[in-house]
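Colleague: Here it is: the structure, laid out below.
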Amino acid sequence: MIRTVRHGGDHGIAKGGSPKGLAAPKLTADEDPLDAYSRAITRAVEKVAPSVVKIDVTYRKRGDGNPPDGRGSGSGFTLTPDGFILTNSHVVHGADTLRVLTADGRNASARIIGDDPHTDLAVIRMEAADLSTAELGDSSRLKVGQLAIAIGSPLGFGATVTAGVVSALGRSFRSVSGRLIENVIQTDAALNPGNSGGPLVSGTGEVIGVNTAVILPGQGLCFAISSNTARYVASHLIRDGRVARSYIGVIGQNVPISRQLVRFYKLPVETGVRVATVEDASPADRAGLAPSDVIIAMAGRSITAVDDLHRVLTEELISRPTGMVILRGYERLEILIEPTAVRE
C-alpha cells in the first residue's frame, strides 16, 4: 500500500494509490527483478552445463585421504572439443581408473594428462570428438556481490545447479603440498562433495573459477580456484604435463628480525626466512647459504615468509643467476644463486 500525504484534499488519489480512472501499472516479465535473475541463471546454465562432466574414480591405494572403499567422484568441465577436461587435483590424484560421463550421455574412460597438487588443479582427457566446451573468463574483473553459479555432481546427483554471489576475492588457503593457493574466490553458492572440479560461472556464462573446497561446519563458506590461475595451470599441464617451478634446496622458517638490524640497515622488512637446513649439492649449497642465514630478499622482491619464497621460485628463475639478500649474524650480504627445476 502506498501512503500519501494530503494537502487540503485527495488530489484524485484513490484508495490503493492509483489515480482515479487509471488501472495500477503491472510489471512485465522483463521488469520483474526476480524473473530477470532467474533468466540470467538459466541462460548461463544453458551455455555452460553441456560442458560439465561427472568423473568416477577408483584409487590405487587406500588411505592418504582417499575414500576407504577406494572409490570417489567429482566434477569437471571440457576445455577443448577433443576431450581435455579441467578438474581438481584432489579428485583424480592417485587414481587407478577414471570414467567420465558427459552431459550428452557419453561414458568413456579417461587418463590424467597433468596433475598439480600445489594449485589443486588437474587436466584429464577422454577420447572423444565434438564435445561442448566452456569458456574461461577473466577473474581479475570480478566484483564482490556479482552472481555466481556452481554446476556439478554433488553426492552423485549430476547436472546440479546452485547459485549465490561472489562473497569475497583474494582469499588464500594451503594446498595439500603446503604451498599457498592465492587469489581464491569465496562464494555462498552451495557446494557439496562431488562439486569439486566443477565450474563456478558468471551471469554471462563464463567460467570464473573451479570449485574446490567447503569449510565445515560453516554455512555458505565455499571456495573456487580463480579462472586466471586455472588458465595458466591448465595450459602448462596440457603442454608439459606439469607446472615447472624452481628450487633452491633449503628448509626454512619464518622469523622476526631484530629492530636494531632493521634500523641499522634500513630494511624494508621486519621478518625473514631463517635457513634451517641446506640440501647437499643444491643451488643453496653451491651459493654458500648456511644454516641460520636469514633470507630477506630474492630476485628484487622482499622475502618476509616462506610463502614469499614460493611466489618468487617460478619457472622464470630456472637456471638463471639470481640475486639474494641475506643476514648472517650482524652482516647483510648479497649473493648469487642459480635455482634449478623442481625434481618431481
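Colleague: Could you tell me how many of the residues in segment 96-129 are in a loop (DSSP other than H, G, I, E, B) and of a type outside the set (Lys, Arg)?
Modeller: Applying the first criterion (in a loop (DSSP other than H, G, I, E, B)) to segment 96-129 yields 102-106, 117-120, 127-129.
From what's left, of a type outside the set (Lys, Arg): 102-105, 117-120, 127-129.
Going through segment 96-129 one residue at a time, the tally reaches 11.
Colleague: Okay, moving on. Quick test for you: out of Thr162, Thr204, pick the one residue that is β-branched (Val, Ile, Thr), free of Cβ contacts under 8 Å to residues at least 40 places away in the same chain and farther than 20 Å from His118 by Cα.
Modeller: Thr162 is the lone residue from the list that is β-branched (Val, Ile, Thr), free of Cβ contacts under 8 Å to residues at least 40 places away in the same chain and farther than 20 Å from His118 by Cα.
Colleague: For segment 166-212: of the residues being among the β-branched types (Val, Ile, Thr) and in a loop (DSSP other than H, G, I, E, B), which is farthest from Ser140 (Cα to Cα)?
Modeller: Of everything passing the filter in segment 166-212, Val176 is farthest from Ser140 (Cα to Cα).
Colleague: OK, next. Ala163 versus (1) in a loop (DSSP other than H, G, I, E, B); (2) over 16 Å from the mean Cα position of the chain (by Cα): which is the lone unmet condition?
Modeller: Result: Ala163 passes all but (1).
Colleague: I would also like to ask the following. Which condition number in (1) charged (D, E, K, R); (2) more than 30 Å from Leu86 (Cα to Cα); (3) free of Cβ contacts under 8 Å to residues at least 40 places away in the same chain is the one that Glu338 fails?
Modeller: (3)
Read-outs: derived from the displayed coordinates by stated rules, not from any lab. Worth saying up front: this structure is predicted, and the values here are computed from it rather than measured. Every residue, glycine among them, receives a Cβ derived from its backbone with ideal geometry; neighbour counts consider all protein chains shown.
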